[in-house]
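Student: The structure under discussion is supplied below as structure tokens; questions concerning it will follow.
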Amino acid sequence: MKSRLVPTPRTLADVEIRSREIIGRGWGKLERFVFRHRRFDDGWSDEVTRDIYTIGRVAMVLPYDPKLDAVVLIEQFRTCGLVWGEATWLFEAVAGIIDEGETPPEVAAREAMEEAGCRIGEPVHISTVWSSPGGYGERSWLYTALTDLSGIGGIHGLAHEHEDIRAVVVGLDEAHEAIADGRIVDAKTILMIQWLVLNKSQIG
């Protein structure tokens, strides 16, 4: 039997935070929460301890050229693989942290220039997602945007942010194939490419 996907009504009144402390600081912060939450049977959970790492809010954009039927992706080194003994240079959509006073579309446009040398049109909102809700506090605003990708590519990034970024223009079909063959493994980028494959006729 089919049912509708209706969220359970919940507010912060359904969470009892018993303690919250910062247990580590670096580029972001690591916080330890001790809490109880309302259960689906309307009782309360046992006390739970969880650590959450947060750098901030992020805006991501997948620039799309309908004339070329192509997108621009960036390749850069990411630290994540070191946990597993791997060297991870990843293909991703353009992304940047949203600073105080900035809007996500403003950051999407700024980062497209900084990371890919690409001037985009009005960002089209795909979704706002939690990157890894079990242990990561980052919230990401995902966009696509029309652009002219002729002549786009090369090495980009800000030296004071230790960025070494290679921008690559690829056909949307190849980007989609790269999900299946493992060349693209960033979850948010996969989501954005798949959304664009399904919806490009609405924005092109």
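Student: Would you mind finding the one in LEU158, LEU196 that is among the hydrophobic types (A, V, I, L, M, F, W, C), out of contact with any Lys or Arg (no Cβ under 9 Å at 6 or more places or on another chain) and surrounded by fewer than 14 Cβ atoms within 10 Å (Cβ to Cβ)? Spell out how you get there, then give the answer.
Tutor: Working: LEU196 fails: surrounded by fewer than 14 Cβ atoms within 10 Å (Cβ to Cβ).
Testing whether each residue is among the hydrophobic types (A, V, I, L, M, F, W, C), out of contact with any Lys or Arg (no Cβ under 9 Å at 6 or more places or on another chain) and surrounded by fewer than 14 Cβ atoms within 10 Å (Cβ to Cβ) leaves just LEU158.
Student: Can you tell me which condition TRP195 does not meet? The list is (1) touching a strand residue (DSSP E or B) at 6+ places or on another chain (Cβ under 6 Å); (2) under 18 Å from CYS80 (Cβ atoms), and all the others hold.
Tutor: (2)
Student: Looking at the structure I just gave you, is VAL71 outside any strand (DSSP E or B), touching a residue at least 40 places away in the same chain (Cβ under 8 Å), touching a Gly at 6+ places or on another chain (Cβ under 9 Å) and among the hydrophobic types (A, V, I, L, M, F, W, C)?
Tutor: Working: outside any strand (DSSP E or B): no; touching a residue at least 40 places away in the same chain (Cβ under 8 Å): yes; touching a Gly at 6+ places or on another chain (Cβ under 9 Å): yes; among the hydrophobic types (A, V, I, L, M, F, W, C): yes.
Against the criterion (outside any strand (DSSP E or B), touching a residue at least 40 places away in the same chain (Cβ under 8 Å), touching a Gly at 6+ places or on another chain (Cβ under 9 Å) and among the hydrophobic types (A, V, I, L, M, F, W, C)), VAL71 does not qualify.
Student: Next question. If SER45 meets every condition in (1) farther than 24 Å from GLY157 by Cβ; (2) touching a residue at least 60 places away in the same chain (Cβ under 8 Å); (3) open to solvent by less than 60 Å² (accessible area, probe 1.4 Å) apart from one, which number is that one?
Tutor: (2)
Matching residues to (1) of a type in the set (Val, Ile, Thr); (2) exposed (fewer than 11 other Cβ atoms within 10 Å of the Cβ):
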{"residue": "ILE17", "(1), (2)": "yes, no"}
{"residue": "PHE33", "(1), (2)": "no, no"}
{"residue": "TYR53", "(1), (2)": "no, no"}
{"residue": "PRO63", "(1), (2)": "no, no"}
{"residue": "VAL71", "(1), (2)": "yes, no"}
{"residue": "LEU82", "(1), (2)": "no, no"}
{"residue": "ALA87", "(1), (2)": "no, yes"}
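Student: Looking at segment 122-153, which of the residues that are part of a loop (DSSP other than H, G, I, E, B) and more than 30 Å from PHE33 (Cα to Cα) is most open to solvent (accessible area, probe 1.4 Å)?
Tutor: Of everything passing the filter in segment 122-153, GLU122 is most open to solvent (accessible area, probe 1.4 Å).
Per-residue answers, yes or no, for (1) acidic (Asp, Glu); (2) touching a residue at least 12 places away in the same chain (Cβ under 8 Å); (3) out of contact with any Gly (no Cβ under 8 Å at 6 or more places or on another chain):
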residue	(1), (2), (3)
ASP41	yes, no, yes
ARG50	no, yes, no
ILE55	no, yes, no
PRO66	no, yes, no
VAL83	no, no, yes
GLU86	yes, no, yes
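Student: Quick test for you: out of GLU102, GLU106, pick the one residue that is under 20 Å from ILE203 (Cβ atoms) and open to solvent by 20 Å² or more (accessible area, probe 1.4 Å).
Tutor: GLU106
The values are calculated or read from the model by the stated rules, or taken from the named source; none is laboratory data. Source: prediction; values computed, not measured. Methodologically, a virtual Cβ is constructed for each residue, glycine included, from the backbone with ideal geometry; neighbour enumeration extends over all protein chains shown. Accessible surface is based on the protein model in full, side chains and every heavy atom, while ligands, DNA and RNA are left aside. Shrake-Rupley method; radii C 1.70, N 1.55, O 1.52, S 1.80 Å.
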